[in-house]
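*Asks:* There's a structure below that I have some questions on.
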Amino acid sequence: MDPGTQTQFMNLTRITSYFSILSMVLFQSCSDGNLDISSFEFEETVNVCGSYTLYRLSTDGQKEALIVTLTAQQIRQDEDPVIPVQVSSNGLYTVTDRVFNDKVTSDYFCSTIPPVEPIVVTNWEGVSGFILVENRPLYEEDGITIEAWEHIIVLNDVVLESGEAKLIFNDTFLYGTFTTSPEL
């Protein structure tokens, strides 16, 4: 075998080896947890309690909620870029998926002290990943007056855990969009 062909063969062997190792790692580390617990089919509406607690309810009897908490640093009324924030289980920026034993309402999310019912059956807490926010003005017909602000929320590579089980939002997941009235 001439030296050029030998080098090509070695490079091809090396690439094949890397691909094989990568494939094994991906297939071995891919644990989607117990997906039959969470439906991940939510209504399009993003509900807001207070200023920074957002939640979407499941389409299946509203017994599941995907909850995101942010701060005034993300939900604001200007067009400056918002720095993505890292998800944590006990910080200011959280992503939680809760499965309940019965239909959940806004009272659960908007009360100072949440009611004891419905009971949380499974609680998936975000342990890593990022929340991205884009704030855009919505103009009246004159093109000058701002009639509302649109807030677009995206989850990026978020990992949720419940006990030993994990749910992974690979890449990006459009959490949703909601609007706020302009401040005077």
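Any read-out appearing in this document is the output of simple, stated calculations on the displayed coordinates, not a laboratory observation. None of these values were measured; they are calculated from a predicted model. Glycine gets a Cβ as well: all are built from the backbone with ideal geometry, and neighbour counts include every protein chain shown.
*Asks:* If we count every other residue with Cβ under 12 angstrom of residue 158's Cβ, Lys/Arg +1 and Asp/Glu -1, where does the sum land?
*Replies:* After counting each charged neighbour, the total is -4.
*Asks:* Sticking with this one: Taking the mean number of other Cβ atoms within 10 Å as a proxy for protection, how do you rank 86-92, 150-156 from highest to lowest? Before the final figure, lay out each step's value.
*Replies:* Values: 86-92: 13.9, 150-156: 18.4.
In decreasing order of mean packing, 86-92, 150-156 become 150-156, 86-92.
*Asks:* State, to one decimal in nm², a quarter of the convex hull surface area for the C-alpha atoms of region 131-184, i.e. the direction-averaged projected area.
*Replies:* Values: hull surface 20.2 nm².
Across all orientations, region 131-184 yields a mean hull projection of 5.0 nm².
*Asks:* Can I ask one more? Within a Cβ distance under 14 Å of residue 82, other residues only, what is the Lys/Arg minus Asp/Glu net charge?
*Replies:* On the way: positive: 76, 136; negative: 78, 79, 80, 134, 150.
Overall, the nearby charge balance is -3.
*Asks:* So, one more: Starting from the alpha-carbon convex hull of region 97-177, give the projected area averaged over all orientations, in nm². Display every interim value, and only then the final one.
*Replies:* On the way: hull surface 31.3 nm².
Its Cα hull, projected and averaged over all orientations, spans 7.8 nm².
*Asks:* Say each of residue 44 and residue 120 gets a label point 7 Å from the Cα, pointing the same way as Cα to Cβ; how far apart are those two points in nm?
*Replies:* Each label point is offset 7 Å from its Cα along the Cβ direction, giving 3.0 nm.
*Asks:* In Å³ and rounded to a whole number, note down the convex hull volume per residue for the Cα atoms of region 33-180. Present the calculation step by step, with values, prior to reporting the outcome.
*Replies:* On the way: hull volume 17.5 nm³, N = 148.
Output value, Cα hull per residue: 119 Å³.
*Asks:* Tally Lys/Arg at +1 and Asp/Glu at -1 over every other residue whose Cβ is under 12 Å from the Cβ of residue 61; what's the total?
*Replies:* Details: positive: 63, 103; negative: 41, 43, 60, 64, 102.
Taking every Cβ under 12 Å from that of residue 61, the sum is -3.
*Asks:* Please give, to one decimal in nm, the separation of the simple spin-label points placed at residue 170 and residue 150, each 7 Å out from Cα toward the Cβ.
*Replies:* Taking the two extended label points, one gets 2.9 nm.
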